[in-house]
């Protein structure tokens with residue numbers, strides 16, 4: 001196992017996404033020599049369980065990144081802004097799940113199936129997109145490449161795990177209170193989430209949009225290399241634990257049939273079409289949870305657009321996996337495959353891109 | 001109280017909507033002289049509680065409508081198709097909550113604030129729109145009248161009570177099973193509804209749309225008198241007990257600002273604007289449940305439409321009340337006010353439209 005010698009840090013290792021990152025690294029047999037589990041002061045000293053073994057999480061300081069090849073960050077924007085440059089200065093390549101660096105013009109924002117080549121010559125930080133953007137963009141890419149995109153309208157049905165462990169416990173607590181006939185309590189969300197739909201994900205911007213909605217607009221444009229793509233979005237939190245769903249209405253440049261769209265979607269790596277109304281087969285949050293794929297269904301012509309240039313469909317994916325951890329690991333795989341891990345390359349450990357390596361072609 | 005002499009039948013009196021109809025008739029002090037509670041064979045003989053008194057529900061036969069002035073139907077399409085003509089033949093005016101008669105060109109389809117005048121010369125049946133259409137159309141009317149509508153995209157977040165009492169119990173049962181750590185059971189929906197989002201409301205049509213989605217398209221056009229209005233819809237069931245939410249994206253004929261749209265919406269009777277991002281104030285299912293109003297918020301410019309001709313917003317209303325029972329009673333009020341209750345008019349009991357009557361101007 002001579003190539004399994006990368007030193008990988010997970011920053012935010014006690015969080016919902018951080019723990020999923022560790023799991024996905026193991027599942028995909030990423031060539032980890034040394035795994036460092038790091039967290040902010042609030043969580044350092046806690047333990048996490050890996051394959052049955054208990055590991056203590058250490059404080060994320062600049063020094064903690066000495067010798068690290070790849071650092072997967074999921075500890076929030078403040079931690080990323082402060083620590084990512086320190087990690088990069090020590091030779092690590094940072095794959096950052098926060099929104100801190102995504103719209104920095106020097107930082108590639110990457111969905112593994114869509115734009116891995118944007119990482120060539122990266123500045124040490126690669127940004128992992130927002131979860132609701134992540135699952136949408138590979139599907140839009142198929143339409144962009146085949147016929148061109150005019151306008152996209154997306155309304156989301158987002159799981160509480162996107163907010164974190166506290167939000168999962170808040171929904172669980174409210175549901176238990178309901179069953180017990182007791183009053184519900186809330187602390188994470190501004191309103192009760194159980195048996196409700198909150199049209200607010202993240203904070204509000206001055207233009208009346210939430211940050212989540214605006215992320216989907218701006219990140220989609222950047223990843224798809226369509227700076228003028230017209231996107232409208234309402235982001236909504238619903239009482240689901242894991243997996244985001246999205247109702248999508250697309251106006252295309254040329255005519256396209258639902259059958260052709262299904263073919264195009266099926267051809268995208270990591271995208272699975274589930275679409276048979278006769279058996280009520282369509283993507284579902286409860287079924288997508290735990291999977292790395294993006295599921296698409298309910299594909300149909302949108303009659304409100306002339307000339308068969310309209311499509312409507314439904315996209316579901318596990319927001320913790322493809323929407324966060326899995327894509328981060330897939331970015332790491334693509335960096336390794338292309339020999340673009342900075343410090344590793346500096347130390348002459350490349351080539352990593354040899355055919356038939358354990359790394360596979362997941363990117 | 002000389003005008004409180006109408007004989008009113010509620011057909012489907014044991015159902016969720018039927019019971020709400022009885023409640024709304026009482027709350028709004030509709031001039032009921034005699035109240036007949038009817039149901040199909042499956043439910044006849046059951047009892048319902050009205051203001052603390054227990055009443056037995058009788059079998060809905062043709063004869064049961066003898067002497068009835070107004071019959072509020074909410075017993076499903078089959079019962080409406082069979083019984084409504086029998087009731088009309090006996091002189092009753094039927095207000096039907098099923099989809100059976102809605103698209104019949106001779107039958108008015110009415111939202112009380114929007115098109116009550118469509119009932120002039122009605123054939124004995126007036127149709128009550130689908131719940132998800134109901135809450136949307138008064139808001140769209142404001143834009144139609146002020147600047148004109150080009151295209152509407154709507155994605156729904158619908159409560160289980162729209163399906164009926166069995167669905168409420170199914171969600172409740174699945175949530176209790178989750179809390180108890182037991183497997184969930186389902187019978188009403190094709191998939192688990194707890195902690196899930198089902199992109200299927202009602203059955204599928206050949207064009208890939210669900211009947212619910214297609215109802216919203218065709219019923220909106222009929223009510224708004226816009227036979228060519230371009231509408232795209234995805235209808236989704238979520239684990240909410242009462243009140244439907246809708247994410248709406250509208251393309252208008254002329255430029256409009258969010259402020260102007262809020263003014264227009266506020267001016268529609270029965271529509272309440274709740275819109276202050278700084279305090280996380282927006283319409284919520286849990287707050288709308290039990291109210292007769294339609295709540296609108298999250299009003300903002302849609303930047304994906306050029307020339308300030310795009311708006312996005314969020315609409316919430318109690319699907320059992322304004323979405324069904326309240327509008328049915330408001331239709332009855334409008335019929336009485338205008339002297340358009342057929343049998344009553346035939347019996348010379350009019351005029352009902354006298355100023356200052358107990359009936360009010362709810363229509």
Treat each spin label as a single point 7 Å out from the Cα along the C-beta direction, and report the residue B:172 to residue B:53 distance in nm.
2.7
What is the mean number of Cβ atoms from other protein chains located within 10 Å of the Cβ atom of each residue in peptide A:224-230, rounded to a whole number?
1
Relative contact order of the stretch A:13-63, defined on C-alpha pairs under 8 angstrom at six or more residues apart (%)
36
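Partner chain Cβ atoms within 10 Å, averaged over the residues of A:236-243 - can you pull that number for me? Walk me through the numbers before you get to the answer.
Details: counts 8, 0, 10, 8, 6, 4, 1, 3.
That average works out to 5.
Please find the FRET efficiency linking residue B:306 to residue A:78, where r is the Cβ-Cβ separation and R0 is fixed at 35 Å, and quote it to the nearest 0.05.
On the way: r = 37 Å, r/R0 = 1.07.
Between residue B:306 and residue A:78 the formula returns 0.40.
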Two-decimal log10 I(q)/I(0) for the protein assembly as shown, as the Debye equation yields it once each C-alpha is a single scatterer, q = 0.05 Å⁻¹:
-0.28
If you take the square roots of the eigenvalues of the alpha-carbon gyration tensor of chain A and sort them as a ≥ b ≥ c, do you get rounded (a/c under 1.5), prolate (a/b over b/c) or oblate?
oblate
Once you place label points 7 Å from the Cα toward the Cβ at residue B:120 and residue A:103, how far apart are they in nm?
5.4
Among A:266, B:245, A:43, which comes first, second and so on when ranked by fewest other beta-carbon atoms within 10 Å?
A:266, A:43, B:245
Kindly state, to the nearest 0.05, the FRET efficiency for residue A:228 paired with residue B:29, given R0 = 41 Å and r defined as their beta-carbon distance.
0.10
Express in whole angstrom the spacing between the alpha-carbon centres of the stretch A:295-335 and the stretch A:150-166.
12
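Translational diffusion coefficient, Stokes-Einstein: compute it for the stretch A:149-252 using the Kirkwood radius over C-alpha pairs as Rh, at 4 °C and 1.567 mPa s, and state it as an integer in µm² s⁻¹. The partial results should precede the final answer.
Values: Rh = 14.9 Å.
Taking Rh from Cα pairs, D becomes 87 µm²/s.
Name the shape class, rounded, prolate or oblate, that the alpha-carbon gyration tensor gives for the stretch B:1-138, where a ≥ b ≥ c are the square roots of its eigenvalues, rounded holds for a/c under 1.5, and otherwise prolate holds if a/b is larger than b/c and oblate otherwise. Don't jump to the answer; show the numbers that get you there.
Working: a/c = 1.42, a/b = 1.32, b/c = 1.08.
Because its axes are fairly even, with a/c under 1.5, the stretch B:1-138 counts as rounded.
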In Å³ and rounded to a whole number, note down the convex hull volume per residue for the Cα atoms of the stretch B:205-337.
151
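How high is the relative contact order of chain A, in percent, counting Cα pairs under 8 Å that sit 6 or more residues apart?
Working: 815 pairs, mean separation 65.6, N = 363.
Averaging sequence separation for qualifying contacts and normalising by length gives 18 percent for chain A.
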Let me see the pair-distance distribution of the stretch B:222-278: every alpha carbon pair, 5 Å bin width, integer percents in order.
4, 10, 17, 22, 24, 16, 6, 1
What number results when the radius of gyration of the stretch B:160-208, computed over Cα atoms, is divided by 2.2 N^0.38 Å?
1.24
For label points placed 7 Å from Cα toward Cβ, what is the shortest-first list of nm distances from residue B:279 to its copies?
5.2
Looking at chain A, send over the antiparallel percent of its DSSP beta bridges, to the nearest 5.
50
For the stretch B:24-67, max minus min Cα coordinate along each principal axis, in Å, sorted largest first?
29, 24, 13
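For every helix of n ≥ 4 consecutive DSSP H residues, a contribution of -39,500 (n - 2.57) applies; sum these over chain A, divide by its total residues, and give [θ] at 222 nm rounded to the nearest 500 deg cm²/dmol.
-8000 deg cm²/dmol, from helical runs alone.
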Based on the Cβ-Cβ distance of residue B:63 and residue A:278, what FRET efficiency does E = 1/(1 + (r/R0)^6) give at R0 = 45 Å, to the nearest 0.05?
0.60
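Mind sorting B:326, A:54, A:184 by how few other Cβ atoms lie within 10 Å of their own Cβ, fewest first?
Values: B:326 27, A:54 8, A:184 18.
Listed from fewest to most nearby Cβ atoms, that is A:54, A:184, B:326.
With 10 angstrom as the radius, rank B:342, B:19 by how many other C-beta atoms surround their C-beta, starting from the fewest.
Values: B:342 18, B:19 21.
Least crowded to most crowded, the residues run B:342, B:19.
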State the Cα centre-to-centre distance between the stretch A:191-229 and the stretch B:1-60 in whole Å.
46
Quick one: with label points 7 Å out along Cα→Cβ, list the inter-copy distances for residue B:34 in nm, shortest first?
9.1
With labels modelled as points extended 7 Å from the Cα through the Cβ direction, what inter-label distance (nm, one decimal) is found for residue A:203 paired with residue B:262?
2.1
If each label sits 7 angstrom from Cα along the C-beta direction, how far apart, in nm, is residue B:260 from its counterparts in the other copies?
3.8
Mind checking which of B:86, B:149, B:226 has the largest fluctuation in a GNM of chain B, springs on alpha carbons under 10 Å?
B:226
Given a 10 angstrom Cα cut-off, can you work out which residue in A:207, A:196, A:115 is the most mobile in a GNM of chain A?
A:207
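Since every read-out is calculated from the coordinates, none of them should be taken as a lab result. What you are looking at is a predicted structure, and each value in this text was computed from that prediction instead of being measured. FYI the Cβ positions are ideal-geometry reconstructions off the backbone, even for glycines, and counts take in every protein chain you see.
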